[in-house]
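What follows is calculated from the coordinates using simple rules that are stated; it is not laboratory data. Fair warning: this is a prediction, and the values are worked out from it, not measured in the lab. Counting neighbours? That spans all protein chains shown, and the Cβs are built from the backbone with ideal geometry, glycine included.
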Amino acid sequence: MDMAEAEAFLALAEELHFGRAADKLQVSQPRVSRLIAALEREIGGKLFERTSRRVGLTPLGEQFHALLLPGYAQMQTALARARNAAREAAGQLRIGCLVTLAGPALTRLLDKLSARCPDCQVSMHVVETRNPYALLRSGDIDVLVSYLVVIQPDLTAGPAIEHRDRVLIMANGHRLAGAQSVSLEDLADEEVHENAPGFPAEVYDALVPRFTPSGRPIRRTYPWDDDEDVMTAVARGRIVHPGCAGIPLLTRPDLVQVPIRDLPPLPVGLVWRTDHQNASIRALAATARSIYRPGTRAVARLRGR
């Protein structure tokens, strides 16, 4: 049974007159007759008694009406609420993103959101590494695309949009440059950069663990100035950099990326202020959940070196 048949049946059951039912539905009377006939064939029994003077429900029709009416009402309520939610999601949605995390997953999310909520106007903002949560807290952006390692009481970690595989980035001539993969234990024999001022400590600890599995310290010695300075130090062989695959800034001819086999992929997703959730943010989060589910993740994998 399709929606047209259901609506024709309910209209005729209420009006008990084919002409009035057709007027109510704004279709022709033969159209109502065809829909009712098709429905009766699907059910396998008569729903209406028809004479030249009157139309009435059969016992089967009365039973069917009692069962159909609540379900139809629920469907209409669901449609109305969905339309209201879509209207509420209209307006501006300001999304911030770390420059290292832009890519196909974010593009796919925004395209899907535009299709679902065409009146939602999205603007993108680059977020500085030094303090990625600053624009969220000041109210200059509504949502941040970041690593989903959030231990901040005023922030909510929403759904993931992708996972990034872990790689060790080093100079072309580094001793590990030719390896198929490296272990976290290998980092104890290397030096890495310090955390950037203002960058969340929990995120940096996830990217660059303090210790190897055996308890050996990973030495954070090189002072962080900016991303380009760090990558130059890596290219010159002064330090190595545990990072994630799929970051254009880290894909250079003077650098080599080798998978870290014992670090799990890091989730990238949506973060917002807990006290600032609105219809547009909920629509974005629902869209993310609809296109990216556990077990079907689209990982940004390393494709050679």
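Coupling constants for the range 95-107 follow from the phi torsions by the Karplus curve (6.51 cos²θ - 1.76 cosθ + 1.60, θ = phi - 60°), and in residue order they are 10, x, 8, 4, 4, 7, 10, 5, x, x, 5, 5, 4 Hz; glycine and proline get x. Specify the residue with the greatest mean-square fluctuation among G56, G178, G198, computed from a Gaussian network of the chain linking alpha-carbon atoms under 10 Å apart. Among G56, G178, G198, the largest GNM mean-square fluctuation belongs to G56. Charge dipole of the range 38-150 (Cα centre as origin; +1 on each Lys and Arg Cβ, -1 on each Asp and Glu Cβ, all else neutral): 300 debye, rounded to the nearest 20. Listed by Cβ neighbour count within 10 Å, with the fewest neighbours leading, T107, T251 appear as T107, T251.
Within the listed set A80, A201, A245, the Gaussian network model of the chain (springs between alpha-carbon atoms below 10 Å) gives the highest mean-square fluctuation for A80.
The convex hull defined by the C-alpha atoms of the chain has an orientation-averaged projected area of 22.4 nm². For the range 14-163, the C-alpha radius of gyration sits at 1.80 times the compact-globule guess of 2.2 N^0.38 Å, with N the residue count. Sorting T287, T129, T232 from the fewest to the most surrounding beta carbons within 10 angstrom yields T232, T129, T287. Unpaired cysteine residues in the chain (no second Cys Cβ under 4.7 Å): C97, C244. Phi-derived couplings, Karplus 6.51 cos²θ - 1.76 cosθ + 1.60 at θ = phi - 60°, listed residue by residue for the range 142-150: 9, 9, 10, 8, 8, 5, 8, 10, 10 Hz, with x used for Gly and Pro. Placing +1 on the Cβ of every Lys and Arg and -1 on the Cβ of every Asp and Glu, with no other charges, gives the chain a dipole of roughly 860 debye about its Cα centre.
Among beta bridges from DSSP that stay inside the chain, the antiparallel ones total about 60%. By the count of other C-beta atoms within 10 Å, a proxy for reagent exposure, L109, L176 are ordered fewest to most as L176, L109.
The C-alpha atoms of the chain define a longest principal axis, and helix 279-291 lies at about 80 degrees to it. Once Rh for the range 166-259 is found with the Kirkwood sum over Cα pairs, what is the Stokes-Einstein diffusion coefficient at 10 °C and 1.306 mPa s, in µm²/s? Rounded, D is 119 µm²/s. For the range 226-240, the Karplus equation 6.51 cos²θ - 1.76 cosθ + 1.60, evaluated at θ = phi - 60°, returns couplings of 7, 4, 5, 5, 4, 5, 5, 5, 5, 4, 7, x, 7, 9, 10 Hz by residue, with Gly and Pro reported as x. Binning at 5 Å from 0, report for the range 3-87 what percent of all alpha-carbon pair distances ends up in each bin. Histogramming the range 3-87 at 5 Å steps yields 3, 15, 23, 24, 17, 9, 6, 3, 1, 0 percent.
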